[in-house]
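First up is the structure itself, then whatever we jot down about it.
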Amino acid sequence: MLSDNSTPLKALLSHLFKVGKKRDDCGQRELFDLLQTTIQQTLVAEADEYRIALKVITDIVSLSTTPDSLKVKLQKALDHLLSIPNVDSLDSGCLFLVDEENGKLNMVAHSNFSPEQINLCRNIDFGSCLCGLAMDMEHTYLFRPEIDENHINRLDDSKPHGHSIFKVKAMNSEKIIMVVNIIIRDRCKENPHSKLLVDSISMALSVLHTLHTNNERKQKRAIEDKLTGIPNRRLFIDRLEQVIYKSRRSKEAIAVMALGVDRFSRINDTMGRTGGDAVLKTLATRLAGVLRGGDTLAKADGDEFLLLCSIQNTSEIMHPLRRIQDAMAKPIQVDGRFLQVQLSIGISLFPDDGDQLLEKAMFALKSAKKKGGGEYQLFSKEAHLQNQNLLDLEHDLRNALNQGDLVAYYQPKIALSTMKIVGFEALVRWLDPADPGHMVAFPDQFIPLAEETGLILPLGQHILESACLDLKRWLDMGYENLHVAVNLSPRQFSDPKLVDVVVGSLQRTGLPPHCLELEITESQVMTDAQRAKEVLVSLKALGVKISLDDFGTGYSSLSHLQQFPFDRLKIDRSFITSLQSKPDKSNIVFAIINMARSLNLMVTAEGVETADQQCRLFEGGCDDVQGWLHGRAQPAEMIPRLLNKFNN
């Protein structure tokens, strides 16, 4: 073992190892520059043999900064050992890595060995030969100055020699990871500094092995999916770049596939995270089975996989698709349950689709999922362009919302009994700030986008508060018996904060609750009837009115709607436009009005454009109408003039 004055050496190596483990870039040159500096500053006065030991350590450990393989590093380390002065070596030796699983020592480095020696010592069983016996010896170091009967791998023509053999343990462990055999001169005496050198060299080799293994493990983690063990997105992108480069020269085609598990969230909800992970692992195994030479399978985010295939031409894309379909035909068993899992697949092709193949395959995957599951979709330039336009529209919509370019316009509701305005429906308009009389986009273009992106929540709140504020101002001007209706989108209606949002708008604007009417559609009510009833009851408790919009376009019936606290029913415009041309539609309209009356509901007809339509609705008992017959939606500043025209 090291003498007492070697304690700084052990402490230095221990510190080096700890720092190396903690640093993300462990093994970098800076660590060993620090080591060299420390040696120069603190150990200049030490004995020559001690400085030799330190020199060996720094030379060996510094090898971990190189990009070489472990085998190359260990070969260089062995060369360093054999170059140490005052060691009676024959400039010959070897180094073994321990294979505990197979009970063997595998030679990975050697110096001045003949081909026969290399062949004899390539793999040595534990307990065989001096090196194999070293695994069973109690001490770390074995000095044998002459050949004995245990050296079964000697050659008849080899020079007289002995052996200096030592084991290398893993850092902070008793596990043996290496055996080193230095060939020494026959019958030479043991060097007084041998144990110091052995301890130093063993520790240096252990640090080298640990740092290399840590770096190798870190690099593997960087390119390997932790769950499935297959390449990750990072490695896939690197492979894709390489294959594209080769394909430009070979003129071969490439298919990039993005595969997503259909309804994977349902699997996770039913089977739990562990079950979902089991499905993904099975899929990785099955998909790996469809690979051909040169193909690459990788795991992307969530439930998505990536597949890179080289094909002769783009018309051959069906070949790998059929292999995938065959692999997915058999159900997946998880915890005794059989799941029939489907994949949606998005595909981009090279050279047809140019660059950004992965992004285009992912875009095609989204289109494939919209088909319902188990389908594939080739990348479409037209669909991609449309998506780009939607992205631009989303960006402009966000800016318009922040800059106040989205405003409320108001379409009047006319009471057929008095022909006076009794209320308004607030409709959103996106105005061009450079030309306020011009709209940037129509509501049917940006409202679905706002709903999809979540912008509908701040937009809806803005329109709600604007409508409350404008109506309160008109009431304060002396106009009486008016209400304003505001549409609630599906996302707004499902928002847990909806009631609080309505309360806040009423409180900030001072509008009496009974002057506010909230409109929802049949589909919103019937999607989750129990929750819808709870929300509507909470809103009614505030004093606001509830209107059922677009009645007749869904699948509900008036009998189903009796359980909900509606105040008004609005007949969809599709029925109104057919009043004159389709008698059967007229009968439906009148039937709706009569049933609504029996339930004490007010009835409003939307989309009234002609006097004849209005006349027939009046005869049928309809309460209110709205539509172009009485004007398009107007900005807030025009409403007083409109009220003066109708109500005075």
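The values are calculated or read from the model by the stated rules, or taken from the named source; none is laboratory data. Keep in mind the model is a prediction, meaning the values are calculated, not measured. When we count neighbours, we look across all protein chains shown, and the Cβ atoms used for this are built from the backbone with ideal geometry, even at glycine. Side chains included, ligands, DNA and RNA excluded: accessible areas come from the protein's heavy atoms. Shrake-Rupley method; radii C 1.70, N 1.55, O 1.52, S 1.80 Å.
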For Asp396 paired with Glu216, estimate the spin-label separation in nm (one decimal), with each label point 7 Å from Cα along the Cα-to-Cβ line.
-> 5.8 nm
Radius of gyration, Dmax [segment 395-453; alpha carbons; angstrom] | 14.5, 46
So, with points 7 Å from each Cα along the Cβ direction, the Gln562-Thr66 label distance in nm works out to 9.0 nm
Taking the Cα-to-Cβ direction at Lys370 and at Lys420 and moving 7 Å from each Cα, how far apart do the two end points lie in nm?
-> 4.9 nm
Under 1.5 on a/c is rounded, so check that first for segment 572-628, then, if it is not, pick prolate when a/b is larger than b/c and oblate when it is not; a ≥ b ≥ c are the square roots of the alpha carbon gyration tensor eigenvalues.
-> oblate
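Percent of accessible area on segment 425-503 owned by carbon and sulfur, 1.4 Å probe? Present the calculation step by step, with values, prior to reporting the outcome.
Working: 2140 of 3800 Å².
Roughly 56 percent of what the probe reaches on segment 425-503 is carbon or sulfur.
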Gain in span if fully extended, Asn644 to Glu100, counting 0.36 nm per residue against the direct Cα distance | 186.1 nm
Listed highest first by mean packing, meaning other Cβ atoms within 10 Å per residue, what order do 167-173, 271-277 come in?
-> 167-173, 271-277
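Based on the mean of other Cβ atoms within 10 Å per residue, sort peptides 370-379, 278-287 so the most packed one is first.
With the highest mean Cβ count within 10 Å placed first, the list reads 278-287, 370-379.
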Which of the peptides 315-328, 350-363 is most tightly packed, and how do the rest follow, judged by the mean count of other Cβ atoms within 10 Å per residue?
-> 350-363, 315-328
Taking amide H positions as placed in the peptide plane 1.01 Å from N, state which residues far from His483 in sequence (5 or more) or on other chains have amide H under 5 Å from it.
-> Gly423, Phe424
If you rank Arg337, Arg398 by how much accessible surface each has, with a 1.4 Å probe, what is the order from largest down?
-> Arg337, Arg398
Cα gyration tensor shape for segment 516-648, rounded if a/c is under 1.5, else prolate or oblate = oblate
Computed Kirkwood radius, in angstrom, where 1/r is averaged over Cα pairs of segment 424-475 | 12.2 Å
Over segment 201-304, what percent of the accessible surface lies on carbon and sulfur atoms, probe 1.4 Å?
-> 47 percent
Using a 1.4 angstrom probe and counting only protein chains, how large is the accessible area of Asp136 in Å², to 10?
-> 120 Å²
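Could you state the accessible area per residue of segment 534-634 in Å², with a 1.4 Å probe and every protein chain left in place? Working shown, then result.
Values: 4670 Å² over 101 residues.
Heavy-atom SASA per residue in segment 534-634 reads 46 Å².
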Alpha-carbon centroids, segment 294-313 and segment 414-476: separation in whole Å | 48 Å
Globularity ratio of segment 244-327, using Cα Rg and 2.2 N^0.38 Å = 1.25
Looking at segment 549-648, which chymotrypsin sites (Phe, Trp or Tyr not before Pro) are DSSP coil and have at most 12 other C-beta atoms within 10 Å of their C-beta?
-> Tyr555
How long is segment 288-420 along each principal axis, judged by its Cα atoms, biggest number first, in Å?
-> 78, 43, 27
Surrounding net charge for Gly374, when Lys and Arg each add one and Asp and Glu each subtract one, Cβ distance under 12 Å = +1
On the protein heavy atoms, probe 1.4 angstrom, tell me the percent of accessible surface of segment 315-357 carried by carbon and sulfur.
-> 48 percent
Report Ile254's accessible area, 1.4 Å probe, all protein chains in place, as a number in Å² to the nearest 10.
-> 0 Å²
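Answer rounded, prolate or oblate for segment 192-304, using the Cα gyration tensor with square roots of eigenvalues a ≥ b ≥ c: rounded when a/c is under 1.5, else prolate when a/b is larger than b/c, else oblate.
Working: a/c = 4.04, a/b = 1.64, b/c = 2.46.
Taking the square roots of the gyration eigenvalues as a ≥ b ≥ c, segment 192-304 is oblate.
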Pairwise Cα inverse-distance average, inverted: Kirkwood Rh of segment 438-501 (Å) | 13.3 Å
How many Å² of accessible area per residue for segment 234-284, probe 1.4 Å?
-> 55 Å²
